[in-house]
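To start, the structure itself, in structure tokens.
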Amino acid sequence: MDSGGPAQAGRDTRIPGAGYLLVVLLIAFSIFGDGFATLPNILNVGVQSSVLLLLALPMTLIIMTEGLDLSMGAVLSLAGVVLATLLMNGNSLAAAVAAAAGVGLAFGIANGLLVVTLGVPPFVATLGTLGIAQGLALVATGGQSVVGIGDALPALYESRPLGLPFSIAMAAVACLMFGFVVRHTKLGSYVSALGGNREALVLAGVHVNLVHIGVYAGGGLMSGLAALLLTGRINAGHPTAAIGLEFDAIAAVIVGGTSFERGDGTLAGTLIGVLTIGVLKNGLNDLSVSSSLQVASIGVLVIAALVIDRAVAAGRTAGSRA
Amino acid sequence: MRGISKAFPGVRALDEVSLTVDAGTVHVLLGQNGAGKSTLMRILCGAHHPDAGAILIDGRPVRLHSPADARRLGVAVIFQEFSLVPYLNLAQNIFLGRELSGRIPGTIDRRKMHAEARRLLDGLGLDADTRTPAHELGIAQQQVVEIAKALSQNARILVMDEPTAALSDREIARLFERVRALKRDGVGIVYISHRLQEIFEIGDRITVLRDGKNVGSFAVEHLENPENPANLENLIRLMVGRQVTAAYRERFCEAPGETLLEVRDLRTGTGVRAAALDVKAGEIVGLAGLVGAGRSELARAIFGADRVVSGTVRMTGAPLRRGPTGAVRAGVALVPENRKTEGLALMRSVQDNVLTAGLRTLFPTGWYRAARAARAVADVISRLRIATPSPARLVRFLSGGNQQKVVVGKWLTAGSRFFIFDEPTRGIDVGAKAELYGVIGGLVADGAAVLMISSELPEVVAVCDRAYVMRDKTIVGELSRTELTEENILRMAMHHG
Amino acid sequence: MKAVAYRLLAVAVIAMALALTTDAFFTLPNILNILRQASLTFLIASGLTLTILTAGLDLSVGANVGLSACLAATVMKSSGSIALGAATGLAFGALVGVVNGLMVTALRLPPFIATYGMLWTLNGVTYWFMGGETIHGFSPGFRALGSGYWFGVPVPIYVMAAFLAAGGIFTRYTTLGHEVYAIGANREAARLSGIPVRARLNLVYTLSGAMAGLAAIVYLARLNSAEADIGEALTLPAIAAVLIGGTSLFGGVGSLTGTLIGALTLTLVVNGMNLRAVDANWQPLVTGVIVILAVWIDVVTRQRMESRV
């Protein structure tokens, strides 16, 4: 019997560098911040990160297939407008949420068809759908917020299932569901294979295109569902409410250790990435750093994460070629 | 397989080939590049359909319409490029597409999968944790996982294509242990390789293919001691045979000129070593060897396309600056093996392609003048007799031979003096081949030097003034004009010292 | 050349349609306005064209214009020197280009992701830098650069012509230009032909940034004010212009002339919508659809070319 490979213990999850970064940030902000390390504030971070997490989870899968979805923010805003409008017109919460989810799903499928069936490069395809979603939202609302959405949604949003704020509960459920799908269903393997070795999947007789489109559809669906949280939070539907959120989602995924190549991805890492960004923003806010600099710092963070990703990959191949 | 024939446009790949593989035996398939081994195996695994002939499994004729059919009937192929997904673990890879279902519909039973995978890997003697991501395993272990994958599909016929190409001696020994275990389990194995030592060690039968025909099939035990050179000679003679070739050269180089290229003590980033290699003006020097010997890698390192770890490459006495830019500036040219992906921009015109390498030579100040460019291009087109209705024609519409001429033309405008050709006549029909030999001959007649990599032995013998032979990533010998025969080349290329 | 002719024809058709259906279209002020606007779009799109020619992309051009303009405006106001401010804007734009280039060549990041990260970084810095303020009120001499006329023709058109000429010379009459096309058509073949690929890519991204910087100055002159959000709506139309103009995302095919026609086409469409009092909020939607259509055509053309032997 021989031993397997270079000395590595078998494992299913890795701790990305972001985990350590997160700890460092938590400590730093607790020391230097003012009122950072309080329970209400921590819960606040959780609430504010919940929408981002709903987007970042499917974004992880999309990036694992070497793709990208730039339209999530715009689709989320549009879904929020749809949700708010239906509520304003007296429809039930269930119907409104279904409609919002439907809008998101439609855009997700459109993205999938563009990328998979037509062969359009993902960033251009989703840039285009971004414009379309954005345009629809602006036209429908004339740039104004949709208010007067009734009591059903705020009530739900303020509720505390199991003692947790609703948004955190919803985010947790999403986490569990995505984690379940990735670990316990075939889809989980297929997503990594799409990025890592597509031919292997084709040879195995799998409906590769369907899975690939499905990944984008999932992104759209989650964007639609996230509208529930966003609209609940700002108590209105606004056409540009979530613009740029896809950037945070991409940042979270990259910071969390998912790479753009070969199907290397981790949902746990994305969770840490989301929390890192949430903590970063919250802490910087605490230190009265302007929100625009926060955005800039996230940009730098992404680039740094990409560089580290590249360096690690280079180190790995150099080592294995010894 | 009985009486399998297959023809592709322009070439008869297989001609009434028959092959019998018994359960629990290793049947070695031997032959030069292009003899038909790959085609035969692709037919067996369902990727191609034979024009004539039948395939019988367990005595019953079968129809293989697709790789899925072949897999279902128990045929599995292990290629050189592995089909594992890097970031999935071993169990996921083994069961890709055929995951074991759990109780809740739609879920997979991970525990059962890992247990099954564990059982398969134990049977093959690999104790890597089934949770390890595939990319963390070494090549030898990945191969074992591939075998496990094949076994999990109840493969009864396993085809292994050059399995030992990337393995160390120790890993090869382990692989053979596993192969023997498979034999005991009744699996029939088709083993494609050119490493004689291994063939004699693991093989039960040998079939030699040449030019698409089965020219001989022996039980290994009928052959005597492998050390006996007579057996090696027999096999080589079967592989080589008497072939008609379009290759010829009017006049060989009597008095070579100055040494243009000089390589000393070279070690490349991919592990290729070359102690000494010289090419003089007026010479066509061959670089022979079998697939995997490292010839292309050596050429790329000389050209600067791959990393050089140590050693020197000199052109007319001066060491080359790093990278392809430095090499081209010094007058070195590379006509790559994959002309479509590495030598040409298919979407651009003949004119644009011909000018690519010569822009700095033709226009040293950086200002492009259309008239001068057009003249240079017309000059090249006529000199090489490139068949194209106009210089504006997109290169992708040209025939293979003419595409190759465009690549050569590219270097003419660059004023290169040393040309490296990597399999220059591959995929080119007979008539164009002759033209190409004329072109190469013309180059050296004008004082250039050529290093030609070729797997077609008749071509090497007929065209080159002398040749270096490579094996296992080193240069193992040099053959002068008088020594240059196909048998000698093969002997040097195959002998596992 | 044929492709350019078809596109010009399309422009003519659209113009004709608008002229026939809208009264206000075929008036001199409107035509000049269209040309002015198209020129502005072209300025940004020209540098972008170069990067796309290499099968790359510079998503940060819009944000680059925004920050460069704000920086230039600040320097102009504080130093009182137009020239110094303009030089600052230009230098900064080029600097952004250099960084983009290094990310692509030295760090080997995929261009769309590297420039996307840069986009947001620049965006954030712009908002922070301006702190919600607006800088306005520049000298009439400077404003003429964007809003004025020379011999009856809006000034930006002269700038556009200069860019077009310079770009045309670069792509057609320099070896650098030819090398850029070679890299886009087949990067590895270009490398194996001795072209210094990394150096050329650095150059192209730097040029893209520098041209964004120049465009920023003209924009500043036109708008006569600098705010944090000038650059936001610029990227999508620039990409649309390049794609409509026939430059392929896959590299090696395209021209600046095409981009100009693309800018013209886009501006015509927008102008048509404005004249018919269509809600301005429709514009991003229409641009998005146009981008998708243009890319689709690009992909289909590529596939058709590859399969036809």
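The table below gives the values:
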{"item": "Index of the failed condition, C:Phe25 passing every other in (1) modelled with pLDDT under 90; (2) part of a loop (DSSP other than H, G, I, E, B); (3) under 30 Å from B:Arg393 (Cβ atoms)", "result": "(3)"}
{"item": "Sole residue being over 19 Å from A:Leu52 (Cα atoms), within 14 Å of another protein chain (Cβ to nearest Cβ) and more than 17 Å from the chain's Cα centre (by Cα), chosen from A:Ala155, A:Ala133, A:Ala110", "result": "A:Ala110"}
{"item": "Test: residue in region C:225-241 that is touching a Ser or Thr at 6+ places or on another chain (Cβ under 8 Å) and within 14 Å of chain B (Cβ to nearest Cβ)", "result": "no"}
{"item": "Scope region B:270-308; condition within 19 Å of the chain's Cα centre (by Cα), of a type in the set (Gly, Ala, Ser) and in a loop (DSSP other than H, G, I, E, B); matching residues", "result": "B:Gly271, B:Gly289, B:Gly292, B:Ala293, B:Gly294, B:Ala305"}
{"item": "Number of positions in region C:122-144 that are in contact (Cβ under 8 Å) with a residue 24 or more places away in the chain and either of a type in the set (A, V, I, L, M) or part of a helix (DSSP H, G or I) (or both)", "result": "12"}
{"item": "Condition met for C:Arg200 (under 30 Å from C:Thr74 (Cα atoms) and either under 18 Å from the mean Cα position of the chain (by Cα) or touching a residue at least 24 places away in the same chain (Cβ under 8 Å) (or both))", "result": "no"}
{"item": "Residue in region B:102-109 that is at the interface with another protein chain (Cβ under 10 Å from one of its Cβ atoms), surrounded by 19 or more Cβ atoms within 10 Å (Cβ to Cβ) and at pLDDT 80 or above present", "result": "yes"}
{"item": "Residue under evaluation C:Leu109, criteria (1) in a helix (DSSP H, G or I); (2) without any contact (Cβ under 8 Å) to a residue 24 or more places away in the chain; (3) within 14 Å of chain A (Cβ to nearest Cβ), criterion not met", "result": "(1)"}
{"item": "Pick from region C:140-171, criterion closer than 15 Å to C:Tyr219 by Cβ and among the hydrophobic types (A, V, I, L, M, F, W, C), ranking: surrounded by the fewest Cβ atoms within 10 Å (Cβ to Cβ)", "result": "C:Ala144"}
{"item": "Of all residues in region C:114-160 being in contact with a Ser or Thr (Cβ under 7 Å, 6 or more places away or on another chain) and more than 9 Å from chain A (Cβ to nearest Cβ), the one that is modelled with the lowest pLDDT", "result": "C:His136"}
{"item": "Residue check for A:Val75: in contact with a helix residue (DSSP H, G or I) (Cβ under 6 Å, 6 or more places away or on another chain) and at pLDDT 95 or above", "result": "yes"}
{"item": "Test: residue in region B:359-381 that is crowded, with 24+ Cβ neighbours inside 10 Å and within 8 Å of chain C (Cβ to nearest Cβ)", "result": "yes"}
{"item": "Helices (runs of 4 or more DSSP H) enclosed by region A:197-304 - at least 2 residues per element that are more than 14 Å from chain B (Cβ to nearest Cβ), more than 15 Å from the chain's Cα centre (by Cα) and of a type in the set (A, V, I, L, M, F, W, C)", "result": "A:208-234, A:267-286"}
{"item": "Enumerated helices (runs of 4 or more DSSP H) restricted to region C:150-198, each holding at least 2 residues that are under 29 Å from B:Phe421 (Cα atoms), of a type in the set (S, T, N, Q) and touching a Leu at 6+ places or on another chain (Cβ under 9 Å)", "result": "none"}
{"item": "Every pair of residues 6+ apart whose Cβ atoms lie under 6 Å, when the first sits in region C:161-180 and is without any contact (Cβ under 8 Å) to a residue 60 or more places away in the chain and within 11 Å of chain B (Cβ to nearest Cβ) while the second is among the hydrophobic types (A, V, I, L, M, F, W, C) and outside any helix (DSSP H, G or I)", "result": "C:Thr175/B:Phe363; C:Glu179/C:Ile195"}
{"item": "Condition check for A:Val206: under 22 Å from B:Leu84 (Cβ atoms), among the hydrophobic types (A, V, I, L, M, F, W, C) and at pLDDT 85 or above", "result": "no"}
{"item": "Scope region B:143-155; condition surrounded by fewer than 21 Cβ atoms within 10 Å (Cβ to Cβ) and not small (Gly, Ala, Ser); matching residues", "result": "B:Leu151, B:Gln153, B:Asn154"}
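Residue by residue, here is whether (1) farther than 30 Å from C:Asn186 by Cβ; (2) surrounded by fewer than 20 Cβ atoms within 10 Å (Cβ to Cβ); (3) of a type in the set (Val, Ile, Thr) holds:
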| site | (1), (2), (3) |
| --- | --- |
| C:Ala10 | no, yes, no |
| C:Met16 | yes, yes, no |
| C:Pro29 | yes, yes, no |
| C:Leu40 | yes, no, no |
| C:Ala45 | no, no, no |
| C:Gly62 | no, no, no |
| C:Thr74 | yes, yes, yes |
| C:Ala91 | yes, yes, no |
| C:Val99 | no, yes, yes |
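The values are calculated or read from the model by the stated rules, or taken from the named source; none is laboratory data. Small disclaimer: the values here were computed from a predicted structure and weren't measured. Cβ: placed from backbone, ideal geometry, glycine included. Neighbour counts: every protein chain shown.
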